[in-house]
1. Put a dot 7 Å past each Cα toward the Cβ at Arg27 and Lys115; how far apart are the dots in nm?
2. How much accessible area per residue does the chain have, counting only protein heavy atoms and a probe of 1.4 Å, in square angstrom?
3. In sequence order, what are the phi-derived ³J(HN,Hα) couplings for segment 99-110 according to the Karplus relation 6.51 cos²θ - 1.76 cosθ + 1.60 with θ = phi - 60°, rounded to whole Hz, with x for glycine and proline?
4. About its Cα centre, how strong a charge dipole does the chain have in debye, to the nearest 20, once Lys and Arg get +1 and Asp and Glu get -1 at the Cβ?
5. At 25 °C and 0.890 mPa s, what whole-number value in µm²/s does Stokes-Einstein give for the translational diffusion of the chain, with Rh from the Kirkwood sum over Cα pairs?
6. Could you give the alpha-carbon Rg of segment 53-123 over 2.2 N^0.38 Å, rounded to two decimals?
7. Return the long-range amide H neighbours of Ala33 (sequence gap of 5 or more, or a different chain), with a cut-off of under 5 Å between placed amide H atoms.
8. Under the Karplus relation 6.51 cos²θ - 1.76 cosθ + 1.60, θ = phi - 60°, what is the ordered set of whole-Hz ³J(HN,Hα) values for segment 33-41, x standing for Gly and Pro?
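The values are calculated or read from the model by the stated rules, or taken from the named source; none is laboratory data. Because the structure is a prediction, the values reported are computed rather than measured. Every residue, glycine among them, receives a Cβ derived from its backbone with ideal geometry; neighbour counts consider all protein chains shown. We work out accessible area using only protein heavy atoms, side chains counted, and drop any ligands, DNA or RNA first. Shrake-Rupley method; radii C 1.70, N 1.55, O 1.52, S 1.80 Å.
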Amino acid sequence: QVQLVESGGGLVQAGGSLRLSCAASGRIFRINAMGWYRQAPGKQRELVATITSGGSTNYVDSVMGRFTISRDNGKNTVYLQMNSLKPEDTAVYYCNADVTYWRGGYTYTDDYWGKGTLVTVSS
């Protein structure tokens with residue numbers, strides 16, 4: 001019913017910047033909270049940042065002051081601006097969204113994930 005597609009990953013040197021984007025499409029009635037998670041090799045997936053429909057944000061301590069999450073509700077898109085990147089930020093970054101969508105004349109709410117985009121930070 002709903003698809004999330006991430007873009008913007010790549011290879012960057014330590015201290016550099018990247019901007020990730022995640023666009024949602026489908027029979028969307030409303031997008032509630034959105035967020036970014038990451039999974040480094042051999043580690044569990046962890047929360048990076050979240051943003052509510054009203055714009056309230058939350059960050060994991062390790063990225064506080066370096067990463068900024070934002071969203072464009074008109075474009076159903078969430079962004080993650082990543083500055084001062086460190087090698088330990090290397091991971092696959094996943095977009096997540098809590099979406100209310102139309103089906104058969106009714107609305108339903110489900111949690112959706114993108115397929116991920118790889119961010120590699122070299123030292």
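1. It works out to 2.3 nm between the two label points.
2. Details: 6550 Å² over 123 residues.
Averaged over the residues of the chain, the accessible area is 53 Å².
3. 10, 9, 10, 8, 7, x, x, 10, 10, 9, 10, 9
4. Details: 12 positive and 9 negative charges, 45 e Å.
Here the size comes out at about 220 debye.
5. Numbers: Rh = 14.6 Å.
It comes out at roughly 168 µm²/s.
6. Details: Rg = 15.1 Å, N = 71, 2.2 N^0.38 = 11.1 Å.
Normalised Cα radius of gyration, segment 53-123: 1.36.
7. Sorted by chain and number, the residues that satisfy this are Ser53, Asp98.
8. Computed from phi, the couplings for segment 33-41 are 6, 10, x, 10, 10, 9, 9, 8, x Hz.
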